[in-house]
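> Dropping the structure in here first, questions after.
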Amino acid sequence: CQSATASCAGCAGEFKQHSGSHSLQYYISVTSAPIAGVPRYTITGYLDGLQYGKYNSKIPFVQPLIPSLKALTEHLELQMKYAQEFLKYQKQQVAYFTSIFNKTSVHPNVKILNSESNSLTELHCWVYGFYPRDVEVKWIKNGRDEIYSEESAEILPNPDGTYQIRVSVEVTPEEGATYSCHVDHSSLENPLVVPMNPTTDIICISSSLSVPHCSPS
């Protein structure tokens with residue numbers, strides 16, 4: 001429900017004896033999905049509790065109900081334009097998300113970052129843009145030893161319907177040691193293995209293969 005105060009000193013009929021400010025309210029209802037016989041969007045305008053006009057998405061114009069209050073029709077027409085824009089936006093959003101969720105899977109992309117703090121190096125593996133939600137991400141040392149993170153990594157949703165996760169670990173630099181982020185997702189034929197470069201952040205765009213296309217960020 002939306003309400004506003006409007007001046008109606010020039011109104012005739014039921015309101016000719018009043019002057020000053022009056023209560024102008026709109027009651028708006030929206031259905032999230034089409035229902036047979038029910039408009040997707042309905043707006044009803046009230047002046048001091050008296051219904052003076054209405055609009056619904058089944059008709060292309062505002063219906064004034066009290067001839068003496070036609071001066072207020074422009075307020076309702078403005079609400080009608082908002083409603084029409086909203087329905088247009090809603091249809092676009094439904095089409096967009098339908099195209100996303102109709103996909104069997106979306107391959108993950110990976111970004112590798114590292115930072116130094118005192119005598120430790122923190123490694124970050126950011127995996128993003130994948131669908132469906134389930135994914136396994138872990139850090140491996142020297143190709144065989146898993147490094148466990150002290151913080152719990154959470155899978156988060158993206159606005160486009162895909163997901164992201166960041167897994168971080170702290171390591172003590174060792175000469176000759178190698179580190180890589182391993183990503184296992186249903187969209188991949190084999191787990192994705194992305195090596196850490198100690199001097200350059202890495203971004204990898206993956207395909208269904210286990211070898212991603214990587215480049216410095």
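Residues checked against (1) in contact (Cβ under 8 Å) with a residue 60 or more places away in the chain; (2) over 34 Å from the mean Cα position of the chain (by Cα):
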residue	(1), (2)
Leu50	no, yes
Tyr89	no, no
Ala95	no, no
Ser105	yes, no
Ile112	yes, no
Asn142	no, yes
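> Considering only segment 65-74, state which residues are exposed (fewer than 15 other Cβ atoms within 10 Å of the Cβ) and either part of a loop (DSSP other than H, G, I, E, B) or modelled with pLDDT of 80 or more (or both).
Leu65
> Confirm whether Glu175 is under 30 Å from Ala95 (Cα atoms) and part of a loop (DSSP other than H, G, I, E, B).
Against the criterion (under 30 Å from Ala95 (Cα atoms) and part of a loop (DSSP other than H, G, I, E, B)), Glu175 does not qualify.
> Let me ask another. Would you confirm whether or not segment 45-64 contains a residue that is more than 30 Å from Glu174 (Cβ to Cβ), outside any strand (DSSP E or B) and in the same structural domain as Pro195 (by TED's automatic domain parsing)?
No: zero hits.
> While we're looking at this one, here's another question. Hey, among the residues in segment 123-159 that are outside any strand (DSSP E or B) and basic (Lys, Arg), which one's nearest to Glu170 (Cα to Cα)?
Here the answer is Arg144.
> Out of Tyr89, Tyr96, Tyr52, Tyr26, I need the residue that is at pLDDT 75 or above and within 30 Å of Gly129 (Cα to Cα). Which one?
On inspection, the qualifying residue turns out to be Tyr89.
The values are calculated or read from the model by the stated rules, or taken from the named source; none is laboratory data. What you see is a predicted model, and the numbers here were worked out from it, not measured in a lab. Ideal geometry is used to build each Cβ from the backbone, glycine not excepted, and the neighbour counts take in all protein chains shown.
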